1. With a 1.4 Å probe and every protein chain left in place, tell me how much accessible area Glu311 has, in Å² to the nearest 10.
2. Near Lys32, which aspartates and glutamates are there with a Cα under 14 Å away, not counting those fewer than 8 places off in the same chain?
3. Evaluate E = 1/(1 + (r/R0)^6) for Asp330 and Arg249, where r is the Cβ-Cβ distance and R0 equals 30 Å; express this FRET efficiency to the nearest 0.05.
4. Any idea of the accessible area per residue across segment 320-379, 1.4 Å probe, to the nearest Å²?
5. Distance check, please: which entries in Lys93/Lys142; Lys142/Lys305; Lys93/Lys306; Lys142/Lys307; Lys181/Lys308 exceed 32 angstrom between their Cα atoms?
6. Counting only heavy atoms of protein chains, what accessible area per residue, in Å², does segment 153-223 have with a probe of 1.4 Å?
7. Per residue, how big is the convex hull of segment 180-228 when only Cα atoms are used? Give it in Å³.
8. Using the Cβ atoms and a cut-off under 13 Å, what net charge is assigned to the surroundings of Thr366, where Lys and Arg are +1 and Asp and Glu are -1?
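The values are calculated or read from the model by the stated rules, or taken from the named source; none is laboratory data. Owing to the predicted nature of the structure, the values given are computational and were not obtained by experimental measurement. Glycine gets a Cβ as well: all are built from the backbone with ideal geometry, and neighbour counts include every protein chain shown. The area values use the complete protein model at the heavy-atom level, side chains included, leaving out ligands, DNA and RNA. Shrake-Rupley method; radii C 1.70, N 1.55, O 1.52, S 1.80 Å.
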Amino acid sequence: MGNTIFWLNIILVILVLAIGILGSIVIFILFKRKKEQESGTSSGTDGNRKSNNDDTKNQGKQSVQSFMEFDDVIDNMIVRRNRTQYIMVIQCKGINYDLLSEEEKEAVENGFTQFLNTLRFPIQLYIQTRSLNLRDIIDEYKSRVDVIDSEIEQLNIKIKRAKAAGNEEIVEKLEFEKRRKSNVLEYGTDISNYVERMSQNQNVLQQNTYLIVSYYTAEFGGEINNYSKEEIDSISFSELYTRAQTLIRSLSSAEVYGRVLESEELAELLYVAYNRDESEILNLKRCLDAEYDSFYTTAPDILEKKKKRIENEIEEEAVTLATGSILEADRIKMLEKNKARKVKERAKELVDEYKDSMEEDLYKETINQIEKGSKKEEKSEKYKKAKKKRIS
C-alpha cells in the first residue's frame, strides 16, 4: 500500500512537470507569433507612410512647377514655355508730371506720343508696389556720419599742432572748418536717427513701373530645330537687348529714363510677385549679402561681353548709316546748287544743234535770252533762300 502511494506521487509529479513544460512551449509559440505579426504590421505601416510621403512630395513638386509661369532666368532674361518666349524687363523712372509747367507737360506728352508711334512690337506695363528697404539708406547715412566724425578728429589733431606752433591764422581757419563739419555731423546724425525711427514705426511703400518686352522664337527666320539651346539664347538676347535699347532711347524723349534689369533683379521681381507676404521677412538681398553665391567664378562676365558686342555693332551700323546719309545729302545739295548752270548749258547745247538752220541775229538773241533767263532764275533762288532764312 505504501509503495503504491509512493509511485502514484512520482507519476503525479511527472505529469505536473510535463504539463508545465507543454504550457511554456505553447506560451512561447504564441508570443513569437504575436511579435512577428506586430513587426509585419509596423513595417507595412512604415512602408505605406514612406510611400505616402514620397507621393505627397512628388505631388508638391509637380504642383509648384505647374504653377510657375516661367522656366528659368538667364542672361537678364526670363525664359518661358520651353524656350519659345524670352522676356526682358525695363525699370522706368519718370518725373512728377503735376509739378511741370504747361509747356513742359506738352513737351512730355509729345515725347510720349512719339514713343508710341515708334513701337513696332508688343509691350506690357507692369506696376509693383513693395515696402521700401530703408536699411541701405540708413547704413549709407551712418557711414557718411562716421567719415565726417573721423574728419573732425583729424581737424582736432591739426588744431593742436597749429596752437603748439603759435599760428593763430591757421588755428582760426581750422576752427571754422571744425564748426562747419560739426554742424553737418549733427544734421546727419539727426537724419539717420529719424529715418531709422520711421522705418520701425511704419512701412514706406514704393511703386515701381516696369516695361516688359517679349521675343518669340517663332520670329526666327529658319526652323528652330536647327539651332542649339545656346544659339537660341544668344539670338534671343541680341534681339531683346536691341529692342530694349530702342525703347529706352524713345522713352527719354518723354523724360522717362529706364534701364534693363539684371538676372538677380529679375529673380527679386518674381520673388516679390509670388511671395508678397514673405518678401519682407525672407528678403532676397539679405541672402545675397550673406554670400550664399560666393562660389561663383571670377571669370569675365559673358553677359557683359554680349552687351559690348551688340553695342559695338549698333555703333558701327550707326556710323555707316550716318556717313552714307551725309554723302547722299551732299550729292543732292551739289546737284541743286549746279542745277541752274546745267540747265543753261543744256539749253545752249540744244540751240547749237539748230544753229545752221537759224539766222545769226536770231541765234544771238536766243543765247542772250538764255543768259537773261538763267540770271532771273538765280535771283529767284537767292530770294527764296533769303526768305527761308528770315522765317527760320
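1. We get 90 Å² for Glu311.
2. Cross-link targets: none qualify.
3. After rounding, the FRET efficiency stands at 0.65.
4. Spelled out: the 1.4 Å probe surface of segment 320-379, per residue, equals 87 Å².
5. Lys142/Lys305; Lys142/Lys307; Lys181/Lys308
6. Ligands and nucleic acids excluded, the result is 72 Å² per residue.
7. Given the Cα convex hull of segment 180-228, per-residue volume reads 228 Å³.
8. That sum, taken over residues with Cβ under 13 Å, equals -3.
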